[in-house]
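To start, the structure under review is shown below, and the notes come after it.
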Amino acid sequence: MKRKFLMSIMLFSAIAMFGSTIYAATFLTYGYPSTTIPIRTYNYAAAWQTPMDTSLTNWNNAGAKVKFTKTSNSPNTITAGNFNNTAYGVNYASVSGSQVVSFRIELNASTITPDATNLSNFIQSVFVHELGHSIWLGDNPTTSSPSIMSYSRNRNSMTQPQTFDINNVKSKY
C-alpha cells in the first residue's frame, strides 16, 4: 500500500513537472474586449502592405475566434518605419483594468530588413506576433510546441499562429 502511494505521488509529480510545460501559455493580464478587433487602415509600398495584410488574414483564418478588420476610424494603429530601438516590433497597449482600450503596433524596418532572408515572411511573423499581444498572448510561453509568440521561432519561415497559440486565444474568448 505504501509503495502504491509513493508511486502515485511520483507519477503525479512527474506529470505536474513535465506535463504542464507542454501547454503552459504565457498570458498578458489584458486583452481586447471583443473578438472583432478594428485596425486603422494603413497604406505602404507592396513589399510591406502585402505581408501586413496577409498577417491579418493569417489570424482571421486561423480558427481562433478573432477577426482583425481595417477601418478608417479605429483607435488601433499600425506603423511600419525606422525606429530607434532593437526590437523587430512593439505593441504599445492602452489598458483599462483587463481590457485593451487601444493599441499601437510599430514594425521596425531598421531591424527587420537587415535580418530577413525572406522579407515578406519576416514581416508577417513579426506582425502576427505583435497582433497576438492584443489578444492576451504574452511572449515566450513555456512550451515545447511551436508558437508564434516564441522569440526563438524562425521569423523567415513561421508566419502564422500555431495550434498552441490558437488554442490559447480560444481559451480567452
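For beta carbons closer than 6 Å, sequence separation of 6+ or different chains, a first residue in the stretch 27-39 that is closer than 17 Å to Asp139 by Cα and a second that is in a strand (DSSP E or B) and among the small types (Gly, Ala, Ser), there are no qualifying pairs.
The residues of the stretch 87-115 that are more than 20 Å from Leu56 (Cα to Cα) and of a type outside the set (S, T, N, Q), listed by number, are Ala87, Val95, Gly97, Pro114, Asp115. Scanning the stretch 119-132 for residues that are surrounded by fewer than 20 Cβ atoms within 10 Å (Cβ to Cβ), at pLDDT 95 or above, part of a helix (DSSP H, G or I) and not polar (S, T, N, Q) turns up at least one hit. Taking into account only those residues within the stretch 138-163 that are in contact (Cβ under 8 Å) with a residue 60 or more places away in the chain and of a type in the set (D, E, K, R), which is surrounded by the most Cβ atoms within 10 Å (Cβ to Cβ)? Among those that are in contact (Cβ under 8 Å) with a residue 60 or more places away in the chain and of a type in the set (D, E, K, R), it is Arg155. Anything in the stretch 64-96 that is within 17 Å of Gly138 (Cα to Cα), part of a loop (DSSP other than H, G, I, E, B) and either open to solvent by 50 Å² or more (accessible area, probe 1.4 Å) or touching a residue at least 40 places away in the same chain (Cβ under 8 Å) (or both)? List them, or say none. Ala64, Val66, Tyr88 - these are the residues of the stretch 64-96 that are within 17 Å of Gly138 (Cα to Cα), part of a loop (DSSP other than H, G, I, E, B) and either open to solvent by 50 Å² or more (accessible area, probe 1.4 Å) or touching a residue at least 40 places away in the same chain (Cβ under 8 Å) (or both).
With Ile166, Ile135 as the choices, which residue is under 11 Å from the mean Cα position of the chain (by Cα), in contact (Cβ under 8 Å) with a residue 24 or more places away in the chain and over 22 Å from Val90 (Cβ atoms)? Talk me through it step by step, then tell me what you get.
Working: Ile135 fails: over 22 Å from Val90 (Cβ atoms).
From the options Ile166, Ile135, the qualifying one is Ile166.
Looking across the stretch 70-120, the residues that are of a type in the set (Ser, Thr, Tyr) and in contact with a helix residue (DSSP H, G or I) (Cβ under 8 Å, 6 or more places away or on another chain) come down to Thr86, Tyr88, Thr113, Ser120.
The values are calculated or read from the model by the stated rules, or taken from the named source; none is laboratory data. Just so it is clear, the structure is predicted and the values come from calculations on it, not from any experiment. Neighbour counts are summed over all protein chains in view; Cβ atoms, including those assigned to glycine, are modelled from backbone coordinates with ideal geometry. In case anyone asks, the SASA skips ligands and DNA or RNA and just uses the protein heavy atoms, side chains included. Shrake-Rupley method; radii C 1.70, N 1.55, O 1.52, S 1.80 Å.
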